[in-house]
Amino acid sequence: MQMTIFILPISMLLFFVLFFGIGFILNMLLRMSWIMAVIYPFITILIIDKVRFIEYFNNTKDSFSSLWTEITSLAIADVLILSSGMAGAIVAGIVIKMLRNRGYRMF
């Protein structure tokens, strides 16, 4: 599918908001400020790669070779969208830290 100039910023905003929200809720419930920023690279690998997760243990060399091929063949739009998701996860950690430092208790 061809990505137009209108779809790219909307997709970036949606990924930012989605992972900010998920990260904020996880940080609130688990009391670990950076949990989503740590989990996000694994989620990104699951989004990018077409190899089943168990194959990373059964057929390690071919699985990581396939992953590297998929990562290097990403378009700039895909990299921007995935990066905005990571930015959302990081901003969620920063916001939780700021709220806790200012005395707000979340759960």
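The values are calculated or read from the model by the stated rules, or taken from the named source; none is laboratory data. Because the structure is predicted, anything quoted here is derived from the model rather than measured. FYI the Cβ positions are ideal-geometry reconstructions off the backbone, even for glycines, and counts take in every protein chain you see.
Which one is nearest to the chain's Cα centre (by Cα), of the residues in the range 1-40 that are assigned to a helix (DSSP H, G or I), free of Cβ contacts under 8 Å to residues at least 40 places away in the same chain and under 15 Å from LEU80 (Cα atoms)?
LEU14
Determine which single condition LEU82 fails, assuming it passes every other condition in (1) in contact (Cβ under 8 Å) with a residue 24 or more places away in the chain; (2) in a loop (DSSP other than H, G, I, E, B); (3) of a type outside the set (Lys, Arg).
The single condition LEU82 does not satisfy is (2).
Does LEU67 fit the bill of being touching an Asp or Glu at 6+ places or on another chain (Cβ under 6 Å), of a type in the set (A, V, I, L, M) and assigned to a helix (DSSP H, G or I)?
Judged against the criteria, LEU67 is a match.
Can you name every residue in the range 48-64 that is at pLDDT 90 or above, of a type outside the set (Asp, Glu) and not in a loop (DSSP other than H, G, I, E, B)?
ILE48, PHE57, ASN58, THR60, LYS61, SER63, PHE64
Looking at the range 7-35 only, could you name the residues that are of a type in the set (A, V, I, L, M, F, W, C) and at pLDDT below 90?
Selection gives MET28, LEU29, LEU30, MET32, TRP34, ILE35.
Quick one: is SER73 surrounded by 13 or more Cβ atoms within 10 Å (Cβ to Cβ), farther than 26 Å from VAL95 by Cα and either of a type outside the set (Val, Ile, Thr) or in contact (Cβ under 8 Å) with a residue 40 or more places away in the chain (or both)?
It is false that SER73 is surrounded by 13 or more Cβ atoms within 10 Å (Cβ to Cβ), farther than 26 Å from VAL95 by Cα and either of a type outside the set (Val, Ile, Thr) or in contact (Cβ under 8 Å) with a residue 40 or more places away in the chain (or both).
Only one of (1) without any contact (Cβ under 8 Å) to a residue 60 or more places away in the chain; (2) closer than 21 Å to ARG105 by Cα; (3) crowded, with 16+ Cβ neighbours inside 10 Å fails for VAL51. Which number is that?
In the conditions (1) without any contact (Cβ under 8 Å) to a residue 60 or more places away in the chain; (2) closer than 21 Å to ARG105 by Cα; (3) crowded, with 16+ Cβ neighbours inside 10 Å, VAL51 misses (2) alone.
Determine if the range 79-101 includes at least one residue that is of a type in the set (S, T, N, Q), more than 15 Å from the chain's Cα centre (by Cα) and either under 25 Å from GLN2 (Cβ atoms) or surrounded by fewer than 18 Cβ atoms within 10 Å (Cβ to Cβ) (or both).
So far as the range 79-101 goes, yes, one or more of its residues are of a type in the set (S, T, N, Q), more than 15 Å from the chain's Cα centre (by Cα) and either under 25 Å from GLN2 (Cβ atoms) or surrounded by fewer than 18 Cβ atoms within 10 Å (Cβ to Cβ) (or both).
Output the residue which, of all residues in the range 41-63 that are within 29 Å of ALA92 (Cβ to Cβ) and aromatic (Phe, Trp, Tyr), is farthest from the chain's Cα centre (by Cα).
TYR56
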